[in-house]
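Undergrad: For reference, the structure I am asking about is given below.
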C-alpha cells in the first residue's frame, strides 16, 4: 500500500510539473512572444523569462529548452532567431539591435551573454554618449558554448565548434575548433570520428 501511494504521488507530481511548463509556455506566448511568432508547443520553459520590452521578437524552433531567468531584448526591427533543439541554460542574456541567429542542436551553458552591440569606448571620455558598435551574430549548428562566455557583435562561430567557459569572443571562427581565452583564440582543431 505504501509503495502504491508513493508511486501515485510521484506520478501526480510529474503530471503537475508538465502542466505548469505548458501553462508557462501559453503565458509567454500570450503576453511576450505571440505578437511576432508564438513559441512551438514542443518548447520547454523551466522558469521565468525576462524581456526588456513586450512584445519581443524572438523566433524559436521546435523542441527547444529555455532555463530559468533567461533574458531577451530586441529593438523593433531586430530578431533573435533560435533554430530547432537548442538548449539555453539559466541566466543567459540575448541583446539584439541588428540580429542574432543560433543554429540547430546548439547548447548554451548558464550565464552566457550574446550581444550584437556593445558600447564604444574612449579612454579619455569613457563610454557615455559615444554610441554603439553593432553587427550580426551567427552561431552555427551543433556548437557547445561553455559557462560565462561573452559573444560580441560581428561574430560568426562555425558548425561543430566548442567555446570554452569564460571566453570572450570578439572575432569570427571556423567550424570544428576549440575556442578559449580572453580574447578567444583557436586552441585546436576538433577531429570527428566517423563509424
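Undergrad: Based on what the data block shows, is residue 25 at pLDDT 80 or above, under 18 Å from residue 86 (Cβ atoms) and either touching a strand residue (DSSP E or B) at 6+ places or on another chain (Cβ under 8 Å) or surrounded by 14 or more Cβ atoms within 10 Å (Cβ to Cβ) (or both)? Outline the logic, then answer.
TA: Numbers: at pLDDT 80 or above: no; under 18 Å from residue 86 (Cβ atoms): yes; either touching a strand residue (DSSP E or B) at 6+ places or on another chain (Cβ under 8 Å) or surrounded by 14 or more Cβ atoms within 10 Å (Cβ to Cβ) (or both): yes.
When the stated conditions are applied, residue 25 does not pass them.
Undergrad: What strands (runs of 3 or more DSSP E), lying completely within segment 142-192, carry at least 3 residues that are closer than 18 Å to residue 116 by Cβ? Spell out the reasoning first.
TA: Numbers: elements: 155-157, 177-181, 184-189.
In segment 142-192, the matching strands (runs of 3 or more DSSP E) lie at 155-157.
Undergrad: Among the numbered conditions (1) in contact with a helix residue (DSSP H, G or I) (Cβ under 6 Å, 6 or more places away or on another chain); (2) over 24 Å from residue 165 (Cα atoms), tell me where residue 45 comes up short.
TA: It is condition (2) that residue 45 fails.
Undergrad: Out of segment 95-129, which residues are on the phi > 0 side of the Ramachandran plot, part of a loop (DSSP other than H, G, I, E, B) and surrounded by fewer than 16 Cβ atoms within 10 Å (Cβ to Cβ)?
TA: Within segment 95-129, 129 is the sole residue that qualifies.
Undergrad: A further question on this structure: Looking only at segment 79-94, decide whether some residue is over 23 Å from residue 142 (Cβ atoms), modelled with pLDDT of 85 or more, surrounded by 15 or more Cβ atoms within 10 Å (Cβ to Cβ) and under 14 Å from the mean Cα position of the chain (by Cα).
TA: Our first condition is that a residue be over 23 Å from residue 142 (Cβ atoms); within segment 79-94, this holds for none.
No; the residues of segment 79-94 include none that is over 23 Å from residue 142 (Cβ atoms), modelled with pLDDT of 85 or more, surrounded by 15 or more Cβ atoms within 10 Å (Cβ to Cβ) and under 14 Å from the mean Cα position of the chain (by Cα).
Undergrad: If you don't mind, another one. When you scan segment 138-146, do you find a residue that is surrounded by 15 or more Cβ atoms within 10 Å (Cβ to Cβ), modelled with pLDDT of 95 or more, more than 18 Å from residue 73 (Cα to Cα) and more than 16 Å from the chain's Cα centre (by Cα), even just one?
TA: Applying the first criterion (surrounded by 15 or more Cβ atoms within 10 Å (Cβ to Cβ)) to segment 138-146 yields 138-146.
Those still in the list that are modelled with pLDDT of 95 or more too: 138-146.
Those left that are additionally more than 18 Å from residue 73 (Cα to Cα): 140-146.
From what's left, more than 16 Å from the chain's Cα centre (by Cα): none.
No; the residues of segment 138-146 include none that is surrounded by 15 or more Cβ atoms within 10 Å (Cβ to Cβ), modelled with pLDDT of 95 or more, more than 18 Å from residue 73 (Cα to Cα) and more than 16 Å from the chain's Cα centre (by Cα).
Undergrad: Does segment 30-48 contain any residue that is over 22 Å from residue 115 (Cα atoms), buried (at least 19 other Cβ atoms within 10 Å of the Cβ), touching a strand residue (DSSP E or B) at 6+ places or on another chain (Cβ under 7 Å) and modelled with pLDDT under 85?
TA: no
Undergrad: Based on this model, can you work out whether residue 78 counts as assigned to a strand (DSSP E or B) and closer than 24 Å to residue 28 by Cα? Lay out the reasoning, then the answer.
TA: On the way: assigned to a strand (DSSP E or B): no; closer than 24 Å to residue 28 by Cα: yes.
So residue 78 does not fit the description; no.
Undergrad: Does at least one position in segment 164-174 carry a residue that is at pLDDT 95 or above and over 19 Å from the mean Cα position of the chain (by Cα)?
TA: Yes - at least one qualifying residue is present in segment 164-174.
The values are calculated or read from the model by the stated rules, or taken from the named source; none is laboratory data. The structure displayed is predicted, hence computed values, not measured ones. Counting neighbours? That spans all protein chains shown, and the Cβs are built from the backbone with ideal geometry, glycine included.
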